[in-house]
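Input: a single structure, listed below in structure tokens.
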Amino acid sequence: MATFKLLLLPGDGIGPEVMAELKAIVDWFTAKGVASFEVEEGLVGGAAYEAHGQSISEADMSRAQSADAVMFGAVGGPKWDGVPYDKRPEAGLLRLRKDLALYANLRPAICYPALADASALKRELVDGLDMLIVRELTGGVYFGEPKTITDLGNGQKRAIDTQVYDTYEIERVSRVAFELARTRRNMVHSAEKRNVMKSGVLWHEVVSALHRESYADVELNHILADNCAMQLVRRPKQFDVIVTDNLFGDILSDVAAMLTGSLGMLPSASLGAADESTGRRKALYEPVHGSAPDIAGKGLANPIAMIASFAMALRYSFELKDWASRLDQAIAASLEKNLRTADIMQDGMIQIGTAEMGKSILNELERLAG
Ligand code: IPM
Ligand code: MN
């Protein structure tokens with residue numbers, strides 16, 4: 001039986017509650033003999049700041065480096081609004097992405113039929129939506145230097161962020177997008193702003209060249225990022241895979257997420273390069289939702305995104321694709337039983353809490369496992 005090392009970083013807010021439900025599922029997989037998951041737990045975000053005075057400790061960083069996958073909850077909250085910029089909760093997440101070189105962020109937006117009415121868009125626009133945003137995650141304006149605020153001495157300050165991309169950064173993330181498209185509807189939209197940004201001009205050039213050389217069988221469409229935002233709310237089902245830079249990807253993926261009815265439903269995967277000898281990629285899996293401090297500790301949070309993130313780990317890190325599908329089916333089955341957490345509650349449905357939703361998914365998984 002294969003053994004995998006998992007590092008759990010529950011973080012802040014609702015992170016620990018949703019992680020507790022995931023833990024039960026991970027333990028189930030080990031008990032069932034599907035694989036042996038060796039689980040360690042660490043601190044990130046505000047929780048790490050309270051314990052170590054930094055957003056992630058060196059010890060946890062090195063655990064993350066040696067893990068087969070990191071399961072990440074959520075970070076941040078008003079409690080840490082005043083902490084120094086480089087120690088703010090988000091810095092822990094950004095450091096994990098950068099130091100583990102997790103350059104490809106996969107953000108699926110799938111609309112479960114049971115939830116199509118919870119979308120802000122009309123049912124017919126989102127029912128059956130199944131798209132994937134591939135966001136570049138270790139470059140661009142998030143990390144570009146200089147990144148400064150300077151005092152100009154005349155009562156004015158100047159803030160600088162730098163949008164910078166090298167050919168290889170664009171190429172490797174686009175490769176991931178084309179490869180994934182081949183396993184789906186074989187279509188990629190590449191979103192940039194080449195009409196105003198040099199990085200957009202290069203992005204367009206590199207994606208086009210890669211397409212010509214290696215992926216001519218995949219349909220490629222270039223789209224300006226602002227138009228992409230508009231098309232996402234106009235006719236989202238026209239998209240299969242969207243590949244885009246770090247900042248546009250941040251924004252477009254929030255739009256795409258909301259099309260599905262709830263942020264509480266969506267998982268994500270952040271992947272690094274495949275190791276030349278083992279073929280394994282460094283990987284971090286996290287729900288798209290944040291720490292939701294307003295409902296933290298109340299047992300109200302939706303654990304589905306966290307659990308669906310583990311389904312992505314089964315698929316992309318552990319080569320357990322059948323089990324990934326079963327776990328996804330277990331989630332869908334719980335929704336079909338009309339069970340809803342508060343964030344997706346609707347008339348006529350049965351409202352339950354975090355732990356009950358976790359248990360229901362586990363029960364369905366048991367049943368599907370036969
Ligand atoms: C996300 C988040 C992060 C980002 C924050 C928490 C730094 O919004 O994962 O989309 O901007 O990348
Ligand atoms: Mn975001």
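Which whole-number value in Å² is the accessible area per residue of region 1-89, probe 1.4 Å?
Details: 3560 Å² over 89 residues.
Per residue, region 1-89 has an accessible area of 40 Å².
Give the Debye-formula value of log10 I(q)/I(0) at each listed q (0.11, 0.20, 0.21, 0.23 Å⁻¹), with one equal scatterer per alpha carbon of region 209-313, two decimals each.
Each listed q maps to, in turn, -0.48, -1.21, -1.25, -1.29.
Please name whichever of LEU94, TYR215, GLY73 sits farthest to the positive end of the charge dipole of the chain, dipole taken about the Cα centre and charges placed at Cβ: Lys and Arg +1, Asp and Glu -1.
Checked the options; the winner is TYR215.
Can you tell me the order of 256-267, 19-30, 345-356, 218-229 when each peptide is scored by its average per-residue count of other Cβ atoms within 10 angstrom, highest first? Write out the running numbers ahead of the final one.
Details: 256-267: 22.9, 19-30: 19.1, 345-356: 13.9, 218-229: 17.5.
Most protected by this proxy first, the peptides run 256-267, 19-30, 218-229, 345-356.
Accessible area per residue of region 143-215 at 1.4 Å probe, in Å²?
On the way: 4270 Å² over 73 residues.
About 59 Å² of surface per residue is accessible.
Beyond 19 Å, what share of the Cα-Cα pairs of region 1-103 is found? Please give it as a whole percent.
Summing the P(r) tail past 19 Å for region 1-103 gives 43 percent.
How would you rank 300-310, 98-108, 152-162, highest first, on the average number of other Cβ atoms within 10 Å across their residues?
Packing order, densest peptide first, comes out as 300-310, 98-108, 152-162.
Report, in whole Å, the centroid distance computed from the Cα atoms of region 55-89 and region 300-354.
Taking the Cα centre of each part, region 55-89 and region 300-354 sit 25 Å apart.
Assign unit charges at the C-beta atoms only (+1 for Lys and Arg, -1 for Asp and Glu), then state the dipole size of the chain relative to its Cα centre in Debye, rounded to the nearest 20.
So the dipole magnitude of the chain works out to roughly 440 debye.
Which of the pairs LYS282/LYS359; LYS282/LYS321; LYS87/LYS193; LYS32/LYS98; LYS23/LYS87 have their Cα atoms more than 25 Å apart in this structure? Don't skip to the answer; put the middle values down first.
Values: LYS282/LYS359 30 Å; LYS282/LYS321 18 Å; LYS87/LYS193 32 Å; LYS32/LYS98 35 Å; LYS23/LYS87 28 Å.
Pairs exceeding 25 Å: LYS282/LYS359; LYS87/LYS193; LYS32/LYS98; LYS23/LYS87.
With a/c under 1.5 counting as rounded, go ahead and sort the chain into rounded, prolate or oblate using the C-alpha gyration tensor (a ≥ b ≥ c being the square roots of the eigenvalues; past the cut-off, prolate if a/b is larger than b/c, else oblate). All intermediate terms of the calculation are to be shown ahead of the outcome.
On the way: a/c = 1.39, a/b = 1.19, b/c = 1.17.
The shape class here is rounded.
Expressed as a whole percentage, what fraction of the accessible surface of the chain belongs to carbon and sulfur atoms when a 1.4 Å probe is rolled over the protein heavy atoms? Kindly include the intermediate steps, with their values, before the conclusion.
Working: 8080 of 15790 Å².
Carbon-and-sulfur percentage of accessible area, whole number: 51.
Please state the equivalent ellipsoid semi-axes for region 127-202: what are the square roots of 5 times the Cα gyration tensor eigenvalues, largest first, in whole Å?
Values: eigenvalues 236, 37, 25 Å².
Values for region 127-202, descending: 34, 14, 11 Å.
Based on the alpha-carbon gyration tensor of region 117-267 and its eigenvalue square roots a ≥ b ≥ c, which shape applies: rounded if a/c is under 1.5, prolate if not and a/b is larger than b/c, or oblate? Kindly include the intermediate steps, with their values, before the conclusion.
Values: a/c = 2.40, a/b = 1.33, b/c = 1.80.
Verdict is oblate for region 117-267.
Efficiency by 1/(1 + (r/R0)^6): what FRET value for LYS237 and THR278, r their Cβ-Cβ distance, R0 = 35 Å, to the nearest 0.05? It would help to have the intermediate numbers written out before the result.
On the way: r = 38 Å, r/R0 = 1.09.
About 0.40, to the nearest 0.05.
The values are calculated or read from the model by the stated rules, or taken from the named source; none is laboratory data. Keep in mind it's a predicted model, so treat the numbers as computed, not measured. Counting neighbours? That spans all protein chains shown, and the Cβs are built from the backbone with ideal geometry, glycine included. The accessibility values were calculated without ligands, DNA or RNA, using every heavy atom of the protein model including side chains. Shrake-Rupley method; radii C 1.70, N 1.55, O 1.52, S 1.80 Å.
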